[in-house]
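The values are calculated or read from the model by the stated rules, or taken from the named source; none is laboratory data. As the structure is a prediction and not an experimental result, all values here were calculated from the model. Ideal geometry is used to build each Cβ from the backbone, glycine not excepted, and the neighbour counts take in all protein chains shown.
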Amino acid sequence: MNSLGRIFRITIFGESHGKQIGITIDGCPPGIGVAEDDFIADLNRRKPGQFGTTARTEEDIPNIVSGIYNGFTTGTPITILFENKNTNSKDYSNIEHYRPGHADFTASCKYLNYNDIRGGGHFSGRLTTGLVAAGVIAKKIIPKINIISKIIEIGGQKQWEEILATTIKSSDSIGGLIECTIQNVPIAMGEPFFDSVESVLAHAIFSIPAVKGIEFGSGFESAKMKGSEHNDIYIDKTGKTLTNNAGGINGGLTNGNDIIFRVAIKPTPSIFKTQQTYNFKLDKITNLEIHGRHDSCIALRIPVVIEAVTAVVMADFFLQR
Ligand SMILES: Cc1cc2nc3c(=O)[nH]c(=O)nc-3n(C[C@H](O)[C@H](O)[C@H](O)COP(=O)(O)O)c2cc1C
């Protein structure tokens, strides 16, 4: 339910304005060196601060409460906690609307209104801190595999400064596109059907809030191509190909070329522009003014989260071999 992975298995927990959020990692091999400082670089990449991100700042100091002893993993479950200190829950008292695009409505249906709505509760991007922490450990299991994610478009633009600035000025939010490349991938990882590398990566990447699409290699463009254009011609006995329309995967198995995929991130649902939507207290459609602190562009913060989740998946495949 709230876990992912077969051997390297992560379990996510917490709420945005609760005491703590975190991650438990089961199935991590013993003897991997882990220090608190190892988490700093990736956690800092996830933090807000740049133009277009939320004003909420958290220290994000990892509190490792189990599974690491004398600087090494023990092989037993690792739990890492992060405190929520910079919360401002008064913005979430007196709620009369479900925010369009957010999980407020679906969560209240699933959890019979017992869900913690403050800051989006369990559905907050805040929980991705734990994913990034798990990624730091996963990357240590697969040190030869390089995972690099970068923003390639915001609002459909490759140069996005202007569109980002005008969007923020108009109290709106904007989506973006991230490209992830996995280099030095061993050949024949994955399974042919349900645990194909595409299936498992897509499953994991779609777990990140605000992800709305993923395509591998030439992706949706392949529907417009001919076989003679799409086929990746082999150029040596290692399976290296001239082009990479397959995105590094054939038959669900890694083919040794780079795995390449792109992820569509939707615009932030909480916008400061007035919206007209159903008011459940008054039983009619009224104006909704959202207050609080929000990212205007989630894509700005997500590349490191995509890398982390990808590392978790690749570490799990690696341990299954
Ligand atoms: C890093 C990150 C930051 C986010 N920041 C915000 C935010 O400031 N405000 C907001 O409304 N949603 C934010 N979201 C998106 C919501 O968490 C997400 O849209 C919501 O849970 C609904 O899930 P869905 O978009 O996957 O359907 C963020 C997501 C991530 C991954």
Quiz prompt | Residue ranges of helices (runs of 4 or more DSSP H) in segment 128-213 with at least 1 members at pLDDT 95 or above and more than 24 Å from ALA311 (Cβ to Cβ) | solution = 161-169
Quiz item: Exactly one of (1) away from the ligand (no atom under 16 Å from the Cβ); (2) of a type in the set (D, E, K, R); (3) surrounded by fewer than 17 Cβ atoms within 10 Å (Cβ to Cβ) is unmet by ASP232. Its number?
Solution: (3)
Self-check item: segment 27-62 - residue that is touching a Gly at 6+ places or on another chain (Cβ under 8 Å) and either assigned to a strand (DSSP E or B) or β-branched (Val, Ile, Thr) (or both) and, of those, farthest from the ligand (Cβ to nearest atom)
Solution: GLY33
Quiz item: So which residues in segment 279-295 are surrounded by 15 or more Cβ atoms within 10 Å (Cβ to Cβ) and under 30 Å from the mean Cα position of the chain (by Cα), if there are any at all?
Solution: LEU288, ILE290, GLY292, ARG293, HIS294, ASP295
Practice problem: Check GLY71 against each of (1) surrounded by fewer than 17 Cβ atoms within 10 Å (Cβ to Cβ); (2) within 18 Å of the chain's Cα centre (by Cα); (3) more than 17 Å from VAL132 (Cβ to Cβ) and name the one condition it does not meet. | Solution: (2)
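For residues that are assigned to a loop (DSSP other than H, G, I, E, B) and free of Cβ contacts under 8 Å to residues at least 24 places away in the same chain, tally how many sit in segment 243-262.
So the count comes out to 1.
Take the conditions more than 22 Å from THR57 (Cβ to Cβ) and in contact (Cβ under 8 Å) with a residue 12 or more places away in the chain and apply them to ALA133. Does it pass?
No; evaluated as a whole, the condition is false for this residue.
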Quiz prompt | Looking only at segment 263-288, and only at residues there that are more than 14 Å from the ligand (Cβ to nearest atom) and in a loop (DSSP other than H, G, I, E, B), the one that is nearest to PRO303 (Cα to Cα) | solution = THR274
Quiz item: When you look at ARG118, is it within 13 Å of the ligand (Cβ to nearest atom), crowded, with 20+ Cβ neighbours inside 10 Å and of a type in the set (D, E, K, R), yes or no?
Solution: yes
Quiz item: Under 6 Å by Cβ, and 6 or more places apart or on different chains, what pairs join a residue from segment 293-313 that is closer than 12 Å to PRO209 by Cβ and within 9 Å of the ligand (Cβ to nearest atom) with one that is of a type in the set (D, E, K, R) and modelled with pLDDT of 95 or more?
Solution: ARG301/ARG46
Self-check item: Candidates VAL211, VAL132, VAL136, filtered to the one that is more than 16 Å from the ligand (Cβ to nearest atom), surrounded by 17 or more Cβ atoms within 10 Å (Cβ to Cβ) and within 26 Å of GLY248 (Cα to Cα)
Solution: VAL136
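So, GLY247, is that one more than 16 Å from the ligand (Cβ to nearest atom), touching a Pro at 6+ places or on another chain (Cβ under 9 Å), of a type in the set (Gly, Ala, Ser) and modelled with pLDDT of 95 or more or not?
Judged against the criteria, GLY247 is not a match.
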Quiz prompt | segment 98-115, subset more than 19 Å from the chain's Cα centre (by Cα), within 13 Å of the ligand (Cβ to nearest atom) and not in a helix (DSSP H, G or I), residue nearest to LEU4 (Cα to Cα) | solution = ASN115
Self-check item: Restricting segment 178-207 to residues that are within 16 Å of the ligand (Cβ to nearest atom) and surrounded by 20 or more Cβ atoms within 10 Å (Cβ to Cβ), the residue that is nearest to ALA315 (Cα to Cα)
Solution: ALA204
Practice problem: Starting from segment 103-126, keep only residues that are in contact (Cβ under 8 Å) with a residue 12 or more places away in the chain and more than 16 Å from GLY14 (Cβ to Cβ), then list their pairs with residues that are within 13 Å of the ligand (Cβ to nearest atom) and part of a loop (DSSP other than H, G, I, E, B) whose Cβ atoms are within a distance under 6 Å, requiring at least 6 positions of separation or different chains. | Solution: ASP104/TYR98
Quiz item: Across segment 30-51, what is the total count of residues that are over 18 Å from the mean Cα position of the chain (by Cα) and surrounded by 14 or more Cβ atoms within 10 Å (Cβ to Cβ)?
Solution: 3
